[in-house]
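Structure first, then comments.
The values are calculated or read from the model by the stated rules, or taken from the named source; none is laboratory data. None of these values were measured; they are calculated from a predicted model. Don't worry about glycine lacking a Cβ; one is built from the backbone with ideal geometry, like all the others, and counts go over all protein chains shown. The accessibility values were calculated without ligands, DNA or RNA, using every heavy atom of the protein model including side chains. Shrake-Rupley method; radii C 1.70, N 1.55, O 1.52, S 1.80 Å.
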Amino acid sequence: MSDALASKNTAIDPVNIPSDASETVVLRGMLEASNDACWCMEFTKPVDLTAADHEIVRNVFENGPVWRHCNAAMERLYQLPAGQDMNARPVHEIFPNTPSNQEFVRNLIANGFEVDGAPALDRRYDGLEIYVENDVRAHISNGKLYRMFGTVRNVAKHRRREQVLADRFLQVSGMIAAIPSPFLAIDPFGVIEVVNPAAEAWVGRKSEALVGQPLDATLQGMHLGGLLPDLEGVMAKVQSLAIPITMRVKEHMSDTVWQIAPRETSAGTGYVLMIVPDNIVEG
């Protein structure tokens, strides 16, 4: 009987074990386990948010900002040298007082220090500047900013991709502008999206007045509405078959060929329309 009681007393229910881990310890453990770069910046002297915006910006950099906590993912993102503690390093090493970071702070001020995806240009410990985005929240009390905290993401790869796409767009735009024949890009719903200078001259209107307008209404305004039944039939085939089709026009526009080709857009299959003299095609 006594052995049974002893056995029973040693079988402790884990649910009833009092935790000796404080909430702070638990939260720090969660942050350290996260692959998201997390940070908390605290100010030695709280920033007075009732001051003018330019004073708030200045004080964010000058009121003794220190890292209250940065997790391991933050140290990896900013290439902290091995064996060092980022929380002991000066904030200005990766968040210097630069025009771009001043703009970052102005964005925080404008949004009540509660923003998602706020862009900034930071500096890693190896000296390389990186484009990042921050989700930021703040501890504010009685008009004073005591600390900011959030997560940060490296978006340099996305910025490089955007630049590549922008460069390609400029190249393509230049090639389209150089085409001597009228060229129009049309979305899946028949709305004009792009025109070249030759198309502007053909229609007799600038691109600003053409882009966003329905192609059928534009042709009606040029007294070419009689072409619409045939053109709409061809465009329907181009959209369904995803193949280019040539349409010869003799009655309404003498000796021209309308070349309609499919173009894929995020909304579906649109069209490219180019108008050339018939003798060019035949040659």
Worksheet item: What tally of residues in the stretch 178-209 results from selecting those that are of a type in the set (A, V, I, L, M, F, W, C), assigned to a helix (DSSP H, G or I) and over 18 Å from residue 258 (Cα atoms)?
Response: 2
Worksheet, complete the sentence: When the stretch 109-142 is checked residue by residue, the ones that are under 18 Å from the mean Cα position of the chain (by Cα) and among the aliphatic types (A, V, I, L, M) are 115, 118, 120, 121, 130, 132, 136
Discussion item. Any residue that is closer than 17 Å to residue 138 by Cα and among the basic types (Lys, Arg) - is there at least one of those in the stretch 69-80?
Written reply: no
Worksheet item: When the stretch 257-279 is examined, which residues are found to be among the polar types (S, T, N, Q) and modelled with pLDDT of 85 or more?
Response: 259, 265, 266, 269
Response to the item:
Flagged in the stretch 163-190 as open to solvent by less than 40 Å² (accessible area, probe 1.4 Å), under 24 Å from residue 268 (Cα atoms) and at pLDDT 90 or above, in numbering order, are 182, 183, 184, 185, 186, 187, 188, 190
Discussion item. Which count do you get for residues in the stretch 211-247 that are touching a residue at least 24 places away in the same chain (Cβ under 8 Å), of a type outside the set (Ser, Thr, Tyr) and within 16 Å of residue 183 (Cα to Cα)?
Written reply: 5
Response to the item:
Quick count over the stretch 73-126, residues being open to solvent by 30 Å² or more (accessible area, probe 1.4 Å), touching a helix residue (DSSP H, G or I) at 6+ places or on another chain (Cβ under 8 Å) and part of a helix (DSSP H, G or I), is 5
